[in-house]
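Peer 1: Attaching a single structure in structure tokens format; questions to follow.
The values are calculated or read from the model by the stated rules, or taken from the named source; none is laboratory data. Just so it is clear, the model here is predicted, and its values are computed rather than measured. Every residue, glycine as well, gets a Cβ built from its backbone with ideal geometry; the counts of neighbours run over all protein chains shown.
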Amino acid sequence: MVLTIMAMATAGVALVLRDNADAALEREAQRLVALFESARAQSRASGVAVRWHTTPEGFRFEGLPPGSLPARWLTEGMGVRGNTSVQLGPEPIVGAQAVDLVNSQQPQRTLRIATNGLRPFAVQATDQP
């Protein structure tokens, strides 16, 4: 009986940890979409080119006033796989671009933040084998 309870508790903890990593990745992806769209709108309004890129501390929006948008991930272990920069304007059509967001706690799960250049950025699942 005790072993059964311990096994159930262990399984429950594993599910909670996995769900937390999934939730953190999804939260960061949705946040990055909102930040990209905000930077894109600010770029178009000001007529100044804005470029997003990763840094060792998180990320940076070049072309915007310092502190106008966040520059750190909310969750420890977040990062980008592959393309580490995005051009966000000021032109209305920016070209197709994508960034693959990954959490070091679950490196096999990746979410892609992408646009075809005309539509807003959106989150797409791209699980890696």
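Peer 1: In the set Leu69, Leu74, which member is among the aliphatic types (A, V, I, L, M), within 18 Å of Glu28 (Cα to Cα) and in contact with an Asp or Glu (Cβ under 7 Å, 6 or more places away or on another chain)?
Peer 2: Details: Leu69 fails: in contact with an Asp or Glu (Cβ under 7 Å, 6 or more places away or on another chain).
So the residue among Leu69, Leu74 that is among the aliphatic types (A, V, I, L, M), within 18 Å of Glu28 (Cα to Cα) and in contact with an Asp or Glu (Cβ under 7 Å, 6 or more places away or on another chain) is Leu74.
Peer 1: Quick one: Ile113 ticks every box in (1) closer than 19 Å to Arg27 by Cα; (2) loosely packed, with under 15 Cβ neighbours inside 10 Å; (3) in contact (Cβ under 8 Å) with a residue 40 or more places away in the chain except a single one, so which number is it?
Peer 2: (2)
Peer 1: Another question about this same structure. Filter region 92-104 down to the residues that are over 14 Å from Val33 (Cβ atoms) and at pLDDT 90 or above and list them by number.
Peer 2: The answer is Ala96, Val102, Asn103, Ser104.
Peer 1: Just the residues that are part of a strand (DSSP E or B) and aliphatic (A, V, I, L, M), please, taken from region 90-125. Write out each step before concluding.
Peer 2: Within region 90-125, the first condition is being part of a strand (DSSP E or B), and the residues that meet it are 97-103, 106-115, 122-125.
Of everything in region 90-125, those that are part of a strand (DSSP E or B) and aliphatic (A, V, I, L, M) turn out to be Ala98, Val99, Leu101, Val102, Leu111, Ile113, Ala114, Ala122, Val123, Ala125.
Peer 1: Any idea which of (1) surrounded by 13 or more Cβ atoms within 10 Å (Cβ to Cβ); (2) under 23 Å from Gln106 (Cβ atoms); (3) of a type in the set (Asp, Glu); (4) modelled with pLDDT of 90 or more is the one Asp22 doesn't satisfy?
Peer 2: Condition not satisfied by Asp22: (4).
Peer 1: Show the residue pairs that are 6+ apart or on different chains and have beta-carbon atoms under 7 Å apart, the first residue being within region 57-75 and within 18 Å of Arg40 (Cβ to Cβ), the second being among the aromatic types (Phe, Trp, Tyr) and modelled with pLDDT under 90.
Peer 2: Close Cβ pairs satisfying both conditions: none exist.
Peer 1: Identify all residues within region 24-80 that are aromatic (Phe, Trp, Tyr) and either out of contact with any helix residue (DSSP H, G or I) (no Cβ under 9 Å at 6 or more places or on another chain) or part of a loop (DSSP other than H, G, I, E, B) (or both); write none if there are none. Even if it seems obvious, please write down each step before you answer.
Peer 2: Of all residues in region 24-80, those aromatic (Phe, Trp, Tyr) come to 36, 52, 59, 61, 73.
Within region 24-80, Phe36, Trp73 meet the criteria.
Peer 1: I would also like to ask the following. Before we move on, is Ala122 small (Gly, Ala, Ser), free of Cβ contacts under 8 Å to residues at least 24 places away in the same chain and under 21 Å from Ser43 (Cα atoms)?
Peer 2: Values: small (Gly, Ala, Ser): yes; free of Cβ contacts under 8 Å to residues at least 24 places away in the same chain: no; under 21 Å from Ser43 (Cα atoms): yes.
For Ala122, the condition - small (Gly, Ala, Ser), free of Cβ contacts under 8 Å to residues at least 24 places away in the same chain and under 21 Å from Ser43 (Cα atoms) - is not met.
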